[in-house]
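Notes follow the structure.
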Amino acid sequence: MAKIAELVPSGKVVADIGTDHALLPLYLLEQGISDSVIAVEVGDKPFARAQKNLEDHPLGTRVDLRLGDGLQALQPQDGVEIAVIAGLGSGTIGEILQQKPPNLDKLDTFILQPMTRPDDLRAWLPGKGFAIAHEALAKDDGRLYEIFLAVCQDGSVSTSLPFGEKLLENEDPLLKEYLDLKLGKTRLILESLSRSRRKDRDELRRKFAKELKKLERLMDIVSKGK
């Protein structure tokens with residue numbers, strides 16, 4: 001949550017989509033990062049949890065809690081400039097982004113934290129008119145997560161941002177640890193494919209062998225401290 005909050009520029013109107021316990025909106029208010037936060041939940045039970053949490057917090061009355069379906073719960077007069085969509089799967093995040101009402105003119109920045117398949121989201125964003133302007137890694141309860149700051153662009157973006165480019169540029173302290181994890185998983189996949197009888201085995205082996213080389217080159221750069 002703290003890492004997501006770091007990506008929110010001060011003074012912006014923020015919407016937290018899928019707010020759950022409304023912890024992020026309260027944190028943004030506590031830290032003075034934002035004075036106006038809208039929290040949205042689609043389910044009755046998580047909405048009730050958020051409502052209870054806000055009622056028990058001294059700043060809770062400053063959060064505009066809404067029951068609604070993602071970005072469709074927002075109105076032009078809200079003036080929302082940044083939407084946070086965190087803690088959901090990549091597919092669900094993509095569905096929410098595609099539901100963005102066209103009249104939300106000020107909303108052009110999204111902070112996205114996928115729980116699953118971040119590479120899929122990374123590849124999906126450019127073709128849907130989003131560019132990844134920044135990314136970061138966060139660690140919670142021993143698990144590492146990728147966070148994207150995506151901005152709207154007219155038309156589709158030509159290519160996706162390669163994994164690690166911004167993380168390397170920003171000298172993310174968790175990059176080496178995350179590369180170790182990705183390298184291990186990729187090697188396990190290649191090992192598994194060597195025993196597989198799948199018809200597309202050779203194609204997949206070429207794909208993941210290429211990915212392995214990219215990750216190894218990136219690890220080499222990180223290890224040398226460049």
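The values are calculated or read from the model by the stated rules, or taken from the named source; none is laboratory data. Keep in mind it's a predicted model, so treat the numbers as computed, not measured. Here the Cβ is made from the backbone with ideal geometry for all residues, glycine too, and neighbour counts use every protein chain on show.
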Subject >> Pair list, Cβ under 8 Å, 6 or more apart: region 1-25 residue farther than 16 Å from PRO46 by Cα, other residue acidic (Asp, Glu) and part of a loop (DSSP other than H, G, I, E, B) >> reply: GLY11/ASP35; LYS12/GLU81; VAL13/GLU81; VAL14/GLU81
**OP:** Of the conditions (1) of a type outside the set (Phe, Trp, Tyr); (2) in contact with a strand residue (DSSP E or B) (Cβ under 9 Å, 6 or more places away or on another chain); (3) assigned to a loop (DSSP other than H, G, I, E, B), LYS106 clears all except one; give me its number.
**Re:** (2)
Subject >> Which listed residue is assigned by TED's automatic domain parsing to the domain that holds HIS134, closer than 23 Å to ILE147 by Cα, buried (at least 17 other Cβ atoms within 10 Å of the Cβ) and in contact with a Gly (Cβ under 7 Å, 6 or more places away or on another chain), from VAL80, VAL8, VAL14, VAL40 >> reply: VAL40
Original post:
Taking helices (runs of 4 or more DSSP H) that fall entirely within region 112-215, which contain at least 1 residues that are at pLDDT 90 or above?
Top reply: 118-127, 175-195
